[in-house]
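Okay, structure first, notes after.
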Amino acid sequence: MFVGALVLLSLGYPVAFSLGGVSILFALLGVALGLDNFDLQLFGLMPLRIFKIMANYTLLAIPYFIFMGSMLEKTGIAERLLETMGILFGRLRGGLALAVVIVGALLAATTGVVAATVVAMGLISLPIMLRYGYDKQLATGVIAASGTLGQIIPPSVVLIVLADQLRIGDRNLSVGDLFIGSIIPGLMMAGAFALYVLIIAFLKPEIAPPLPPEVRNISAVKLFAQVSQVMLPPLILILLVLGSIFFGFATPTEAGAVGCIATIILAAVYRKLTLATLSQVCDATMRITSMVIFILIGSTAFALVFRGLDGDIFMKDVLSNIPGGEVGFLLVSMVVVLLLGFFIDFFEIAFIVIPLFVPVAQQLGIDLVWYGVILGANLQTSFLTPPFGFALFYLRGVAPKEVTTVDIYRGVMPFILIQLLVLGLIIIFPQIVTFLPSLMKPAPVEVLSSFVVAL
């Protein structure tokens with residue numbers, strides 16, 4: 001079934017229909033072979049599964065955050081951020097690249113949509129970096145890598161989907177748990193990118209020169225006012241969206257709705273809110289959301305037949321008996337997700353493969369919040385990895401003609417190694433993920449009693 005789906009995907013068929021077609025084909029094959037445990041009446045469960053998808057409150061957050069990303073793109077916030085940060089850090093070697101990392105992290109914390117971030121920064125910053133003498137490989141690498149920060153920094157659509165799939169194993173797990181757990185890893189990833197930029201600019205000044213004095217010649221008062229003006233909108237959005245989740249005022253879905261209203265208000269303030277703009281944003285949101293839901297329906301049919309053919313029992317036995325126990329399982333699951341990320345989108349990975357891993361992870365006693373965050377970091381790495389990294393395709397689509405595909409592939413290599421390094425640290429030191437969620441949980445009665453006695 002997996003090979004059949006990959007073959008159809010490689011031939012260019014839509015993901016949802018590839019999964020649905022393979023499920024029907026193998027269902028008929030199971031009947032033709034007379035398998036005792038399989039019956040076509042199993043498809044009678046499909047309407048119930050689809051209604052379950054429709055009633056899933058968690059998935060409602062997806063169109064909200066996609067709407068936010070599309071609306072922010074139309075308001076020009078990303079463009080103003082990049083211009084201002086470029087001037088602010090322009091006197092440093094590698095200042096423009098550092099500005100791209102910071103803006104990438106800010107956009108990730110406001111939208112969580114990788115495609116919008118990579119395209120926006122590629123259109124705006126890449127021509128400017130090339131104009132002022134930046135190396136093509138460094139420029140393209142830092143843009144693609146910073147754009148993928150939306151995979152791991154909340155509010156991330158990837159984390160929303162992963163939380164939905166991880167709840168198969170733990171009904172108490174929520175999107176908010178993954179959001180809180182991914183804050184430190186996301187900041188580590190952005191910090192590692194920034195540190196690399198500063199080091200490489202120091203070692204090789206010719207590939208990341210500072211901006212000419214005439215470009216960054218702006219008074220301190222004017223620069224402060226400009227920074228305040230461009231930083232305020234994203235910071236307000238981060239406070240409204242993430243702050244309301246972390247402090248328990250709203251669920252991620254409710255916070256996404258609040259963020260949508262805030263972006264509409266921002267668009268009105270910047271005089272970008274027109275009927276045409278709103279129509280374009282709604283159209284983009286509907287297209288992407290429809291794609292996600294159709295993939296989810298196709299993967300549900302795929303999983304239904306897969307389980308009807310006892311594939312889940314087979315996979316659970318295989319994964320549970322991998323030599324090395326927890327370490328062996330983690331190694332295999334991470335390698336599988338990384339390799340699949342070369343070829344297919346994270347939606348397919350999350351809907352098809354992750355449900356196979358979750359029961360085994362729970363059986364081995366693995367913390368599902370930690371497991372979800374390392375899966376998200378792994379998927380972020382796969383977004384950058386040639387030859388089929390999706391961030392590379394997004395950037396290739398908007399890059400100038402003088403930038404070749406080879407330049408982009410070579411440029412992302414150091415950042416892939418950095419991501420793998422951070423991923424390794426998260427795996428070796430789980431406290432990086434579990435520390436903040438542990439602070440959000442109420443203290444045990446024994447701890448509170450001891451505290452009262454001590455007072």
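Projected onto the charge dipole of the range 264-340 (+1 at Lys/Arg Cβ, -1 at Asp/Glu Cβ, origin at the Cα centre), which of M291, A303, V336 gives the Cα projection farthest towards the positive end?
M291
Can you sort C260, C282 by solvent-accessible area, 1.4 Å probe, largest first? Provide the component values of the computation, followed by the final result.
On the way: C260 15, C282 65 Å².
Result of the area sort, largest leading: C282, C260.
Hey, what's the per residue convex hull volume over the C-alpha atoms of the chain, in cubic angstrom? Spell out each step's value before the answer.
Details: hull volume 82.2 nm³, N = 455.
Cα-based convex hull of the chain, divided per residue, equals 181 Å³.
Against the longest principal axis of the chain, how steep is helix 354-363, in degrees 0 to 90 to the nearest 10, with axes from Cα atoms?
70 degrees
If Lys and Arg each add +1 and Asp and Glu each add -1, what is the summed charge of the other residues whose beta carbon sits under 15 Å from the beta carbon of A225? Walk me through the intermediate numbers first.
On the way: positive: R80, K222; negative: E83.
After counting each charged neighbour, the total is +1.
How many lysine pairs does the chain hold where the Cα atoms are under 26 Å apart and the two sit 8 or more places apart or on different chains? Present the calculation step by step, with values, prior to reporting the outcome.
On the way: K52/K316; K74/K222; K74/K272; K74/K401; K136/K204; K136/K401; K204/K401; K222/K272.
Lysine pairs satisfying the spacing and distance rule in the chain number 8.
Would you list V353, V258, V269 from the most to the least accessible area, probe 1.4 Å? Walk me through the intermediate numbers first.
Working: V353 10, V258 65, V269 100 Å².
Ranking V353, V258, V269 by accessible area, largest first, yields V269, V258, V353.
Assuming R0 = 25 Å, can you tell me the calculated FRET efficiency for the pair T58 and K272, based on Cβ-Cβ distance, to the nearest 0.05?
On the way: r = 30 Å, r/R0 = 1.22.
The calculated FRET efficiency here is 0.25.
Output needed: percent of Cα pairs per 10 Å distance bin for the range 125-194, bins running from 0 to the one holding the longest distance.
Calculated over all Cα pairs of the range 125-194, the distribution is 19, 35, 24, 15, 6, 1 percent.
Could you tell me how many degrees, from 0 to 90 and to the nearest 10, lie between the Cα long axis of helix 275-308 and the main elongation axis, the longest principal axis, of the Cα atoms of the chain?
Once rounded, one gets 30 degrees.
Quick check for me: using +1 on Lys/Arg Cβ and -1 on Asp/Glu Cβ, what's the dipole size of the range 1-110 about its Cα centre, in debye to the nearest 20? Write down the numbers at each step before the final one.
Details: 6 positive and 5 negative charges, 84 e Å.
Once rounded to the nearest 20, the dipole reads 400 debye.
In debye, nearest 20: dipole of the chain around its Cα centre with unit charges on the Cβ of K, R (+) and D, E (-)? Kindly include the intermediate steps, with their values, before the conclusion.
Numbers: 22 positive and 23 negative charges, 256 e Å.
Dipole magnitude for the chain comes out near 1220 debye.
With each pseudo-label sitting 7 Å past Cα toward Cβ, what's the F342-L42 distance in nm, one decimal?
With each label point 7 Å from Cα toward Cβ, the separation is 3.0 nm.
How large is the charge dipole for the range 33-95, taken about the Cα centre, if only the Cβ atoms of Lys, Arg (+1) and Asp, Glu (-1) carry charge, to the nearest 20 debye?
Numbers: 6 positive and 5 negative charges, 80 e Å.
Dipole of the range 33-95, to the nearest 20 debye: 380 debye.
The values are calculated or read from the model by the stated rules, or taken from the named source; none is laboratory data. Everything numeric in this text was worked out from a predicted model, so none of it was measured. Note: ideal-geometry Cβ built from the backbone for every residue, glycine included; neighbour counts use all protein chains shown. Side chains are part of the model used for accessible areas, which takes the heavy atoms of the whole protein and leaves out ligands, DNA and RNA. Shrake-Rupley method; radii C 1.70, N 1.55, O 1.52, S 1.80 Å.
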